[in-house]
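Here is the structure we will look at.
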Amino acid sequence: MMPPVPAPQSVGDDPPYLHGLNAPQREAVLTSDGPVLVLAGAGTGKTAALTARLAHLLFTRRAYPSEILSVTFTNKAAREMRERVGRLVGDAVEGMPWLGTFHAIGARMLRRHAELVGLQANFTILDTDDQLRLLKQLIVAADLDEKRWPTRQLGGMIDGWKNRGLTPADLDAGDSEGFANGRGRELYTAYQARLVALNACDFGDLLLHMLTILKREPAVLEQYQQRFRYIMVDEYQDTNTVQYLWLRLLAQTRKNICCVGDDDQSIYSWRGAQVENILKFERDFPGAKVIRLEQNYRSTPHILAAASGVIAQNSGRLGKTLWTAEPEGEKVRVIGIWDGPEEARRVGEEIESAQRQGKTLDDCAILVRAQHQTREFEDRFIAIGMPYRIIGGMRFYERLEIRDALAYLRIVHQSADDLAFERIINVPKRGLGDKAVAKLHMLARATGLPLLSAAARILDSDELTPQARRSLGNFVGDLARWRRLAGELPHPDLARQILDESGYTAVLQAEKSVEASGRLENLTELVRAMEEYETLGAFLEHVSLVMDNEANAGEAKVTIMTIHAAKGLEFDTVFLPGWEEGLFPSQRALDEGGTASLEEERRLAYVAITRARRRATILHAANRRIYGQWTSSIPSRFVGELPPQHVDAETSMAGGESLWRANWSERADPFADVARGTGRGPGWQRAAGPGTSSLREPTRILDSRASAVSMGNKGRSDLSIGMRVFHQKFGYGLIAVIEGNKLEIDFEGAGRKRVIDSFVTLG
């Protein structure tokens with residue numbers, strides 16, 4: 001007997017879950033059997049379609065609630081799905097044990113079959129801290145130098161292997177070679193054995209163990225293939241290899257799998273996501289039906305056309321173009337400004353102007369490519385009293401590495417700052433254990449001395465072990481030396497020296513992870529921020545004021561977040577700062593990832609633009625301060641890919657001089673139909689080919705004195721391919737490509753870089 005489901009209250013011939021759906025959404029709901037891929041563009045109502053499809057399966061008695069596997073990526077998405085379906089089908093949703101995240105469903109399955117991988121059903125799931133502690137024990141037992149082979153690096157590699165569905169036996173020599181000169185497999189094997197001995201697993205094991213069981217135990221695989229009449233997957237473009245293999249195995253018998261996703265919004269390769277999974281869906285499931293949700297209910301035509309113009313430059317897309325029936329609205333604005341501080345001032349002024357027009361701060365968002373970009377905006381908003389919130393991360397001065405660095409600066413500036421001393425006495429690790437620190441506290445309380453003074457005194461006793469006394473002595477000596485240098489060095493230089501000599505920078509560099517790289521960028525930004533203050537004391541006072549700025553929780557605030565964190569969100573007004581080569585797309589993507597990384601950066605640009613409902617503003621600076629040096633920047637190539645008919649370009653003025661002049665090609669607008677909501681753009685079925693960019697990059701030419709010169713993009717006549725030239729930042733190199741006034745040069749020390757021709761001299 002099928003589950004009791006409330007009879008649909010129909011209007012005409014339609015059940016209630018179909019009300020308000022457009023034709024493609026209805027098709028996605030009613031195409032019940034066989035493989036279905038729903039390509040759902042940004043803001044096209046994919047959650048409504050997914051929920052209605054689930055309700056349809058229950059209303060039409062196609063499956064019991066317990067026979068539907070519905071997988072999401074976040075607990076929030078799972079809760080929202082359960083609540084929406086509950087409103088349509090009532091108590092039947094309570095009988096859906098297989099609606100949840102990959103990890104939650106994997107854990108539920110694994111507890112049923114734990115003995116098949118040597119575990120008991122009550123196994124423990126380790127958190128990251130426990131995982132790292134266990135890995136450190138293994139590194140020590142293997143007699144490896146943890147400074148050279150950091151625990152986090154090994155943890156990241158093992159997590160990556162598990163995301164790819166690789167057990168220790170599956171690793172090849174190349175994989176194993178990446179850690180400790182070929183000992184990666186050995187340590188991975190030891191780690192997995194230790195987990196079994198502890199009756200534990202980490203998050204990666206929840207799916208990897210189940211994948212192993214499904215491959216090795218045909219009876220278990222058949223049980224689940226028969227159980228799940230229908231499989232539904234949200235955000236399919238974000239699946240990694242092990243998730244993909246797990247789903248493909250479960251769906252092979254019935255093939256009633258519906259995957260919803262958007263290849264143009266695949267932006268998480270750094271955590272294992274494989275955009276290829278969605279691109280090869282039709283090959284994995286021959287005869288699959290592909291349904292495109294293209295009507296956008298969020299943004300204006302100009303915003304959608306601008307985003308479509310950028311993403312059309314990617315190759316290998318499944319193809320779709322968003323359109324909307326909304327009024328035309330404002331064009332996307334592109335603003336060239338002088339530098340980072342002016343960028344923050346300009347955004348602040350724009351938001352204040354919107355407030356005067358009655359707009360609320362909650363409707364405004366600033367989306368950055370890298371976390372360190374938030375610092376300029378935080379400082380500016382503090383100065384003008386504008387409330388803000390950081391989403392998806394802490395405020396700049398609250399981040400772990402920033403607080404550690406500030407503690408070093410505070411104890412150098414004020415030796416009685418016990419809180420600062422406590423924070424960094426063993427950061428990075430100096431071999432000072434809890435007992436040594438406890439004795440130091442006891443002496444400080446007994447004598448009434450600050451901890452630093454007590455530390456100097458305890459060194460003259462035998463209270464500590466020789467090793468602890470030596471480590472503490474070195475630390476106290478370093479602090480004394482840095483305090484002397486504080487009177488001789490500029491405070492930004494002092495900060496750099498402290499971070500280097502303390503070993504803090506070296507620890508992060510050794511981790512070789514995306515997280516560690518981001519922390520290093522934040523520390524660089526901290527040092528840069530110090531340059532704006534006359535003294536170390538003035539800077540620390542400023543930080544105290546920033547940290548004390550806790551606005552009323554109910555007050556409207558500007559949202560500041562990374563583009564990655566903004567996926568799935570929307571705001572009336574969106575500011576997109578820092579669209580410059582090397583920042584967005586990031587230099588790491590350009591240097592290390594090749595075409596695949598560049599295309600992911602372009603998908604990130606597409607996601608950024610489509611967060612805006614009514615107004616999108618892109619900003620790029622002529623100058624950025626990087627590692628203490630002013631560097632001239634050129635606009636992001638993504639600026640050059642915006643269709644000109646949907647863009648208003650504006651030049652900011654500095655000292656009455658024009659910074660740059662934009663030159664757009666005069667050609668027909670391929671996205672005109674998209675803007676009017678009447679047709680598909682060139683992204684349909686295939687991406688635009690090379691050389692189809694409709695907006696040439698705005699050109700800014702700056703001489704060594706940072707004076708502005710207006711110039712077109714014709715290019716210099718005295719340069720030719722193969723010629724040797726000199727660039728002030730990158731040194732000597734040979735010209736490889738000439739495109740108007742832009743050059744690609746193979747530099748002797750820096751590799752291939754893209755520069756403006758006026759920045760080079762004949763070599």
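Things to note:
- What you get for the stretch 230-314, charging only the Cβ of Lys and Arg (+1) and of Asp and Glu (-1), is a dipole of about 280 debye around the Cα centre.
- Hull volume per residue, based on the alpha-carbon atoms of the stretch 34-122 and their convex hull, is 130 Å³.
- Positive minus negative residues near D202 (Lys, Arg vs Asp, Glu; Cβ under 9 Å): -3
- For the set S453, S32, the ranking by accessible area, highest first and with no ligand, DNA or RNA atoms included, is S453, S32 under a 1.4 Å probe.
- Amide H partners (placed H, <5 Å) of T124, local residues excluded: A200, C201
- Amide H within-cut-off set for I618, under 5 Å, with H built and near neighbours excluded: R333, V334, I335, L576
- The stretch 374-442 shape via C-alpha gyration tensor axes, a/c threshold 1.5: prolate
- Sum of -39500 (n - 2.57) over DSSP H runs of 4+, divided by residues of the chain (222 nm, nearest 500): -12500 deg cm²/dmol
- Close amide H partners of G582, meaning residues 5 or more places away or on another chain with modelled amide H under 5 Å apart, are Q587.
- Magnitude of the charge dipole for the stretch 90-247, about its Cα centre and with charges confined to Cβ atoms of Lys, Arg (+1) and Asp, Glu (-1), is about 260 debye.
- Per residue, the convex hull spanned by the alpha carbons of the stretch 127-236 comes to 128 Å³.
- Listed by chain and number, the lysines placed with their C-alpha closer than 19 angstrom to that of K742 are K714, K729, K753; residues fewer than eight positions away on the same chain are left out.
- Gyration tensor verdict on the stretch 125-189 (Cα atoms; rounded if a/c is under 1.5, prolate if a/b is larger than b/c, oblate otherwise): oblate
- When each of K76/K359; K255/K280; K320/K557 is checked by Cα-Cα distance, pairs over 25 Å: K76/K359; K320/K557
- Couplings 3J(HN,Hα) of the stretch 248-260, computed from phi: 5, 5, 5, 8, 5, 7, 8, 6, 8, 10, 10, 10, 10 Hz, in residue order, whole Hz [Karplus 6.51 cos²θ - 1.76 cosθ + 1.60, θ = phi - 60°; x for Gly and Pro].
- When all protein chains stay in place and ligands, DNA and RNA are ignored, the 1.4 Å accessible-area order of Y297, Y408, largest first, is Y297, Y408.
- Solvent-accessible surface (1.4 angstrom probe) belonging to K439, in square angstrom, nearest 10: 80 Å²
- In order along the stretch 143-151, the Karplus-derived 3J(HN,Hα) couplings, from 6.51 cos²θ - 1.76 cosθ + 1.60 at θ = phi - 60°, round to 6, 9, 7, 5, 5, 7, 10, x, 4 Hz, and Gly and Pro are given as x.
- You can think of it this way: the chain between R79 and A121 has 12.6 nm of extra reach, that is 0.36 nm per residue less the Cα-Cα gap.
- When W630, W161, W149 are compared by accessible area of protein heavy atoms, the largest-first order is W630, W149, W161, using a 1.4 Å probe.
- Placing +1 on each Lys and Arg Cβ and -1 on each Asp and Glu Cβ, with no other charges, gives the chain a dipole about its Cα centre of roughly 1260 debye.
- Among 123-129, 460-466, sorting by the average number of other beta carbon atoms lying within 10 angstrom of each residue, highest first, gives 123-129, 460-466.
- Across all directions, the average flat footprint of the convex hull enclosing the Cα atoms of the chain is 38.2 nm².
- Pairs of alpha carbons in the stretch 225-282 separated by more than 15 Å make up 44% of all such pairs.
- Accessible-area value, H113, 1.4 Å probe, nucleic acids and ligands omitted, Å²: 20 Å²
- All Cα-Cα distances of the stretch 410-500, cut into 10 Å bins from zero to the largest, leave 16, 51, 26, 6 percent in each bin in turn.
- For a straight C-alpha distance cut-off of 14 angstrom, the aspartates and glutamates reachable from K147 (same-chain residues fewer than eight places away being disregarded) are E511.
- Per-residue 3J(HN,Hα) values for the stretch 236-243, derived from phi via the Karplus relation 6.51 cos²θ - 1.76 cosθ + 1.60 with θ = phi - 60°, read 4, 5, 9, 6, 9, 5, 5, 5 Hz in sequence order (x marks Gly and Pro).
The values are calculated or read from the model by the stated rules, or taken from the named source; none is laboratory data. None of the values given here were measured: they were computed from a predicted structure. No Cβ is skipped: glycine too gets one built from the backbone with ideal geometry, and neighbour counts run over all protein chains shown. For the accessible areas, the whole protein counts, side chains as well, though only heavy atoms, and no ligand, DNA or RNA atoms are used. Shrake-Rupley method; radii C 1.70, N 1.55, O 1.52, S 1.80 Å.
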